[in-house]
């Protein structure tokens, strides 16, 4: 019986460790990504920044493919907080009044635990 109980305890420990170590990208951490949405060095106010968890390559322009979004402020600043370590792709969508055109673009980011990354999202027409 002792061997059987030991096997159950070891199995439970392995399963518990696997569940803890398999936390994926996304909310639930202490890291953040922030920056400015920019077109040729000029901030794009009120643009929307979408984030895709687990990706550093462009997942496409369909916003339904993204996991969350934030709206930049009047100065083009955006921020995603409470993220776990891992890979993320940011996709910005806005309108540049200087060139009178919609602008889009993105950038991949790799976060470490408890890291605050400041990265601008470059957009173009």
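Just to be sure I understand, how many residues within region 56-110 are over 24 Å from residue 28 (Cβ atoms) and touching a helix residue (DSSP H, G or I) at 6+ places or on another chain (Cβ under 6 Å)?
Within region 56-110, residues that are over 24 Å from residue 28 (Cβ atoms) and touching a helix residue (DSSP H, G or I) at 6+ places or on another chain (Cβ under 6 Å) number 0.
Keeping to region 109-125, report how many residues are under 15 Å from the mean Cα position of the chain (by Cα) and under 21 Å from residue 40 (Cβ atoms). So that I can check it myself, show each step before the final result.
Going residue by residue through region 109-125, those that are under 15 Å from the mean Cα position of the chain (by Cα) are 109-121.
Restricting the remaining residues to those that are under 21 Å from residue 40 (Cβ atoms) gives 118-121.
Number of matching residues: 4.
How many residues, within region 73-125, are outside any strand (DSSP E or B), touching a residue at least 12 places away in the same chain (Cβ under 8 Å) and either buried (at least 18 other Cβ atoms within 10 Å of the Cβ) or at negative phi (or both)?
Let us first name the residues in region 73-125 that are outside any strand (DSSP E or B), namely 73-76, 84-85, 97-100, 112-115, 119-120, 123, 125.
Checking which are touching a residue at least 12 places away in the same chain (Cβ under 8 Å) leaves us with 73-76, 84-85, 98-99, 112-115, 119-120, 123, 125.
Among the residues that remain, those that are also either buried (at least 18 other Cβ atoms within 10 Å of the Cβ) or at negative phi (or both) are: 73-76, 84-85, 98-99, 112-113, 115, 119-120, 123, 125.
Qualifying residue count, region 73-125: 15.
Limited to region 35-55, what total is found for residues that are part of a loop (DSSP other than H, G, I, E, B) and either over 23 Å from residue 24 (Cα atoms) or modelled with pLDDT under 95 (or both)?
Our first condition is that a residue be part of a loop (DSSP other than H, G, I, E, B); within region 35-55, this holds for 40-41, 44-47, 54-55.
Adding the requirement that they be either over 23 Å from residue 24 (Cα atoms) or modelled with pLDDT under 95 (or both) leaves 40-41, 44-47.
Here the count works out to 6.
Can you name the number of the only condition in (1) closer than 14 Å to residue 124 by Cβ; (2) free of Cβ contacts under 8 Å to residues at least 24 places away in the same chain; (3) part of a loop (DSSP other than H, G, I, E, B) that residue 60 fails?
Of (1) closer than 14 Å to residue 124 by Cβ; (2) free of Cβ contacts under 8 Å to residues at least 24 places away in the same chain; (3) part of a loop (DSSP other than H, G, I, E, B), only one is false for residue 60: (1).
The values are calculated or read from the model by the stated rules, or taken from the named source; none is laboratory data. On a predicted model such as this, the values are computed, not experimentally measured, just so you know. Reconstructed Cβ throughout: ideal geometry from the backbone, glycine too, with neighbour counts over all protein chains shown.
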